[in-house]
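Please read the structure below before turning to the comments.
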Amino acid sequence: MPGIHEVQGEIERGPSLRKLGFDSKNLDFWDSGFVSFLIRVIRICGERDIEVTGEGLPEGAQRLIGLALAVPERREPGKDEKITPSLVLVTGGRVMKIWASLMETLTFVGETATAFLRLFGGKARFKGSDFLLVVQESGAGALPIVSLISLLVGLILAFVGSIQLRMFGAQIYIADLVAIAMARAMGAIMTGIIMAGRTGAAFAARIGTMQVNEEIDALKTAGIPPMEFLVLPRILALALMMPLLTLYADLMGILGGMIVGVGGFGIGLVEYFNETRKALTLANIWIGLFSSLIFGVLIAVAGCLRGMRCGRSASAVGDTTTSAVVTSIVSIIIATALITIGCDVLGI
Amino acid sequence: MKEPEAHIVVEDLTMAFGTNIVQQNLTFTINRGDIFIIMGGSGCGKSTLMRHLVGLHRPCKGRVLYDGISFWDGDEEERQRVLRHVGVMYQSGALWSSMTLAENIGLLLEEYMGVDTEKAREVASLKLALVGLAGFEDYYPSEISGGMKKRASIARAMALDPDILFLDEPSGGLDPISGRMLDDLILELRATLGTTIVVITHELASIFAIGTNSVFLDTDTKTMTASGDPKVLRATCENDTIQNFLTRGEGRVKQRAERNGVAACLDQRAKVGG
């Protein structure tokens, strides 16, 4: 069988072709590829006012062609036109997009704040069992992974610190380093990142899927505000669980440091413990807990915001989850920076 | 017969997503106790129209009046008051997946009627029994079939004994017998409770069996091309699109065949004679 371009070339070269026919006497097998080839030939002929007779073709192929050509091809204006956007257009579009997403975020934060006001006014409603379920899923469920990660972070901190400290024979300060780093920042940050990937993503995917299934619409028309019913319990649960998990992570991190200090550098167990206690002021712990509370709210808000703004398809749920995790992690790091600078200014 | 009383009035409604107009200049009245059919080809904006009527989308032009009160001009509280008397069944069922069927229905009862969990469950059982799902109280939506989800969703829409029931393709994807049972249920609801029922469907059997009034949305002209009793429309409407729709594309063909019939016969005879 000749290729379509060959045929097209033949038709164009041929002196004023009037009529085109087919001879398929020796053809004993054909498939959809054959039919689509024929249709293209017929289209090319149609553009040049050449008459086509299908009589020489197998009967089945003739019928299929008839079916395919029965409904005219739909050409949507603007669908296949490709506009090459200018730099101004692209920049403008980006700015508009950023502006829209900023407004969206602000609206959501506003709605959340109103929902909280209603909660404190005793008017908001959500099911207590929902709240407890989220607490269980995001709190107790996260313990194993938080244990593992924090222990390892403690180990890493101790090893990295020891390289420098050993040069001065100051191995004992590994205890100070690990305790302060874990309590003040690393405990909260690591827990935050774990929770962003684990719980924030789950919130976004869960609420996003509800959006796809029209479940959110069903809540709205049933007069149950989704902000109160879905978002409030999640923010509350995470704001409660994050500090608890962080406290636990601090402990695990210190334990990790202790393993390295005691096992690897010959510091006595009691010695290490006492050094840790000396270094660990309450202010450090409070700063860590305060950060974790902020992170909890940020993660829950990011997850719920993305979920609530989810489109209506499976791929939209994927995008939603991705953007929830990215937003959470970025906002955690930015918040840490702000808190650290703030503490420095305040001299804590 | 008593004078029909307007329940929902749609005035010059235009629906659009951005600059893409879905439907425009829709004006029709749904009377109290009507079984009102919203029909039209796939993708013509039937579900979108319902979303505008139940307050999920703000129309870009026009008004929706419930009992003479403009739905979109009032504040949020006003809208909630209207919606309190509206039950909606969504095309996909939209049952809350984290709750059992009984909890799905019970949640509404607990929210609005202030009943306790036990009583709510009792009423939920009754509603489920009405749609033929007795004994499925403790199933989660993911554990039942698509047709059962639709029925459960109707049960939830009926939970608060609404004045107006919106059903988005209630019999789509159901077997003929279940579909028929659903039609009977809809007729029964109207007869016993006087509920106004708005049904989005393109199931012809269902349209003629239950519809007392209708509106036809056309995809090409992006507006309504007819309204009225579907049976009357089938008998009298001259619009080709609507005739085709209401007769599955067979009506016009038959008429044309009849019109051409004589000529064809003559032709035939001429051939035989010749």
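Among all positions in segment A:257-266, there is at least one residue which is outside any helix (DSSP H, G or I) and within 30 Å of A:Leu157 (Cβ to Cβ). Restricting attention to segment A:226-244, does a residue exist that is at negative phi, aliphatic (A, V, I, L, M) and within 14 Å of chain B (Cβ to nearest Cβ)? Yes - at least one qualifying residue is present in segment A:226-244.
Of all residues in segment A:165-224, how many are part of a helix (DSSP H, G or I) and within 14 Å of chain B (Cβ to nearest Cβ)?
Let us first name the residues in segment A:165-224 that are part of a helix (DSSP H, G or I), namely A:165-167, A:173-212, A:215-221.
Narrowing further to those that are within 14 Å of chain B (Cβ to nearest Cβ): A:202-203, A:205-212, A:215-221.
Of the residues in segment A:165-224, 17 are part of a helix (DSSP H, G or I) and within 14 Å of chain B (Cβ to nearest Cβ).
In segment B:73-88, of all residues being within 9 Å of chain A (Cβ to nearest Cβ) and hydrophobic (A, V, I, L, M, F, W, C), the one that is farthest from the chain's Cα centre (by Cα) corresponds to B:Leu83.
Screening A:Leu20 against (1) surrounded by 14 or more Cβ atoms within 10 Å (Cβ to Cβ); (2) farther than 30 Å from A:Thr320 by Cα; (3) out of contact with any strand residue (DSSP E or B) (no Cβ under 8 Å at 6 or more places or on another chain); (4) touching a residue at least 12 places away in the same chain (Cβ under 8 Å) leaves a single unmet condition, (3).
A residue that is part of a loop (DSSP other than H, G, I, E, B) and either open to solvent by 20 Å² or more (accessible area, probe 1.4 Å) or within 12 Å of chain A (Cβ to nearest Cβ) (or both) occurs nowhere in segment B:118-131.
Would you mention how many residues in segment B:32-55 are open to solvent by 30 Å² or more (accessible area, probe 1.4 Å), part of a loop (DSSP other than H, G, I, E, B) and out of contact with any strand residue (DSSP E or B) (no Cβ under 8 Å at 6 or more places or on another chain)?
Summing the residues that are open to solvent by 30 Å² or more (accessible area, probe 1.4 Å), part of a loop (DSSP other than H, G, I, E, B) and out of contact with any strand residue (DSSP E or B) (no Cβ under 8 Å at 6 or more places or on another chain) in segment B:32-55 gives 2.
Listed by position, the helices (runs of 4 or more DSSP H) contained in segment A:57-147 that have at least 1 residues being farther than 30 Å from A:Lys220 by Cβ and in contact (Cβ under 8 Å) with a residue 12 or more places away in the chain are A:59-70.
Restricting attention to segment B:41-61, the residues being more than 12 Å from chain A (Cβ to nearest Cβ) and farther than 23 Å from B:Thr241 by Cβ number 4. Kindly evaluate A:Ile145 against the criterion of being among the β-branched types (Val, Ile, Thr) and assigned by TED's automatic domain parsing to the domain that holds A:Gly253. Here the answer is yes, as A:Ile145 does meet what is asked. Exactly one residue out of A:Gly288, A:Gly261, A:Gly266, A:Gly257 is away from chain B (no Cβ under 14 Å) and either touching a strand residue (DSSP E or B) at 6+ places or on another chain (Cβ under 7 Å) or open to solvent by 10 Å² or more (accessible area, probe 1.4 Å) (or both), and it is A:Gly266. Do we find a residue being in the same structural domain as A:Phe229 (by TED's automatic domain parsing), in contact with a Cys (Cβ under 7 Å, 6 or more places away or on another chain) and in a helix (DSSP H, G or I) anywhere in segment A:335-346? Checked against the condition, which is being in the same structural domain as A:Phe229 (by TED's automatic domain parsing), in contact with a Cys (Cβ under 7 Å, 6 or more places away or on another chain) and in a helix (DSSP H, G or I), segment A:335-346 yields no hits at all.
Scanning segment B:80-116 for residues that are polar (S, T, N, Q) and either open to solvent by less than 40 Å² (accessible area, probe 1.4 Å) or not in a helix (DSSP H, G or I) (or both) yields B:Gln91, B:Ser92, B:Ser97, B:Ser98, B:Thr100, B:Asn104. Within segment B:57-79, the set of residues being open to solvent by 60 Å² or more (accessible area, probe 1.4 Å) and not acidic (Asp, Glu) comprises B:Arg58, B:Cys60, B:Lys61, B:Arg63, B:Gly68, B:Ile69.
The values are calculated or read from the model by the stated rules, or taken from the named source; none is laboratory data. Quick caveat: nothing in here was measured; it's all calculated off a predicted structure. When we count neighbours, we look across all protein chains shown, and the Cβ atoms used for this are built from the backbone with ideal geometry, even at glycine. These accessible areas exclude ligands, DNA and RNA; they are computed on the full protein's heavy atoms, side chains included. Shrake-Rupley method; radii C 1.70, N 1.55, O 1.52, S 1.80 Å.
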